[in-house]
Structures are given as structure tokens and as C-alpha cells.
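Notes follow once the structure below has been shown.
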Amino acid sequence: MNYPTVIMKMLTRALLLILLSPLTVHAACQTTFSVAWLEWKPYQMLKDRQVTGIDIELLKAIMDNAGCAYQLKKIPWERTKRYIQSGELDLAIGASKTADRRPWAYFSEPYRSETTAIFVRKDEYSIWNAAENFTQLASLKPRAAVIHGAFYGEAWDQIKDALPVQQLSKYEQLFKMLHSQRTNIVLNDLYNGKELIKEFGLQAQITTLDWNASIDEIHLMFSKKTVPQKDIDLINHSIRQLRASGEIDAIISRYR
């Protein structure tokens, strides 16, 4: 018996079995992340019984590349922030890094940007577009509607107390109020606003001002009570890799 030949055949067969078998991915992170999502087109949404959208696809790419396991849970934004603070949730997507959140949250490197637009009815466009910044807009005293607990940039924070502002819990309510003339301006993410205006058939009635409320960087937000720095370092490294490869831009471009 030619033992070297037999051994080579056994090694070849073993190698083929390894190559043809499904790969098992072992998580590099210490944490199996509980991750909040909410209905917020085109970033997070339920479509054909699957949770998808820009943020969901980016999350999957980032976490898979880092070797981190996660589970999605549908939770409203205000409750998400409370749960991140208490440690009942590990991770929130689509978050702005703000001073009031830093005592209880860590933030990843930015993984995309967000444009906050100012939506108005077209029949009042010339009135509010006469302003070129928030200071001038505040002097015109518009009624405003925003999402409770959302961040709209530092310039808005400086003047919001000078205006009558209604804080709502659902994005759809913003545009229903604007259309029914119960508010004059709505602050909201540009692309979410466009999705909702199209969904409600309000393209002929609602537009945006010529200037934006803010353009901010968006991060993953982690609970300080549950997520170790080692896991955040792995995720940040993954974000840098995907940005350099063009994968992040490719995912975003599929929705715009």
C-alpha cells in the first residue's frame, strides 16, 4: 500500500469537505446586541415582512463585517433613549451625538450624514423663505411641529424656545398637520419627508425652504451600562473598512 498516496487522498477529501461546508461565523464581539428600530422610511421600515432600509442594511454590513451578533426590536424613539440609558437596550441606530446623551451613551464613528429640511406649504413658501436663517425665521413667528426628543441642529436649539412648537410622536403626524394648516413649518429629515409627502400624494402642496436646518453626522449609539469599549473598537474598525471599500456609499445610493 502506498501510504503517501493514501494520506494525500485523505487530506484532499478533508479539504474539499471544509470548502463545501457552510461557514460558521463566530462573533468577535462580547455582546449580542439588542438593537432598536422604528418605522422611519427610507432608513428603517417593514417591507414584505422583512425589516429593511438604509440604516438596517448599513447595520447588517457593519455588524457582519465586525463579527458581531444582534437582534432587532421595534421600539419608539423616546423609549429607545430611555432603554439605552438604563441598559435595557444595547444599541440604537440613526443617532446624533449630542451633549445631553454623552453622560449615558457611547457613539461610533459616523456612518452616514443627515440633512434636516424645513418643510412648508407651497402657498406659504414665499412668506417663510424670506428668512435666510433661523434668527430671521424666528422673527416671523411661524408655528412649528417636530418629533419629540429628536435633534435638529444647534441653530434650532438656540431659537426653538422663541416659537410655538408642537412635539409629536409620529412622523406621519407632522405632514398631516402641515397639510391641514395646523402648523406652518415642519422640521424633519429630508428623505423621510420626501417619502411621506409622496406616500400621502402631497407633492403639489408641500415643499422645502431653500436652506436646511442642519446637516449632521449620524452614529450608532451604545449603552454605557452594557457595551464594552472593545466591541465599539471592532465596530468602528468595520465602519472604516466599509467606508474605504465604498460599500457604505453603495448601500445609501440604492435608496436615493
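Laboratory data are not the source of any read-out in this text; all were calculated from the coordinates shown. Note that this is a predicted model, so its numbers are computed, not measured. Positions of Cβ are backbone-derived with ideal geometry, glycine not excepted, and every protein chain shown enters the neighbour counts.
Data table
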read-out: Dipole in debye (nearest 20) - the chain, about Cα centre, beta carbon charges: Lys, Arg +1; Asp, Glu -1; value: 660 debye
read-out: Selected from Ser34, Phe222, Ile235, residue furthest toward positive end of dipole (the chain; charges at beta carbon); value: Ser34
read-out: Normalised contact order of the chain, rounded percent, pairs of Cα under 8 Å and 6 or more residues apart; value: 29 percent
read-out: Counting all C-alpha pairs of the chain, share separated by more than 34 Å (%); value: 30 percent
read-out: Cα-Cα over 27 Å, subset of Lys60/Lys122; Lys81/Lys122; Lys160/Lys230; Lys60/Lys225; Lys141/Lys170; Lys73/Lys230; value: Lys60/Lys122; Lys81/Lys122; Lys160/Lys230
read-out: Charged-residue dipole, Cβ positions (Lys, Arg, Asp, Glu), the stretch 101-183 about Cα centre, Debye nearest 20; value: 300 debye
read-out: Order of Leu91, Leu242, Leu168 - criterion: other Cβ atoms within 10 Å of each residue's Cβ, fewest first; value: Leu168, Leu242, Leu91
read-out: Reachable aspartates and glutamates from Lys47, criterion Cα separation under 18 angstrom, eight or more residues apart if same chain; value: Glu39, Asp55, Glu57, Glu172, Glu195, Glu199
read-out: C-alpha center-to-center spacing [the stretch 87-111, the stretch 164-202] in angstrom; value: 25 Å
read-out: Contact order relative to length of the stretch 115-215, as percent, for alpha carbon pairs under 8 angstrom and 6 or more apart; value: 51 percent
read-out: Neighbour-count order for Arg101, Arg79, fewest beta carbons within 10 angstrom listed first; value: Arg79, Arg101
read-out: At R0 = 25 Å, FRET efficiency that the Cβ-Cβ distance of Ala244 and Asp100 yields, to 0.05; value: 0.20
read-out: Backbone HN-Hα couplings from phi across the stretch 211-217 [Karplus 6.51/-1.76/1.60, Hz, Gly and Pro as x]; value: 10, 9, 5, 5, 10, 10, 7
read-out: Beta bridges by DSSP in the stretch 115-215, antiparallel share as percent, to the nearest 5; value: 60 percent
read-out: Debye, to nearest 20: dipole size of the stretch 64-203, +1 on Lys, Arg Cβ, -1 on Asp, Glu Cβ; value: 380 debye
read-out: Value at 222 nm in deg cm²/dmol, rounded to 500, when DSSP H runs of n ≥ 4 in the chain each add -39,500 (n - 2.57); value: -11500 deg cm²/dmol
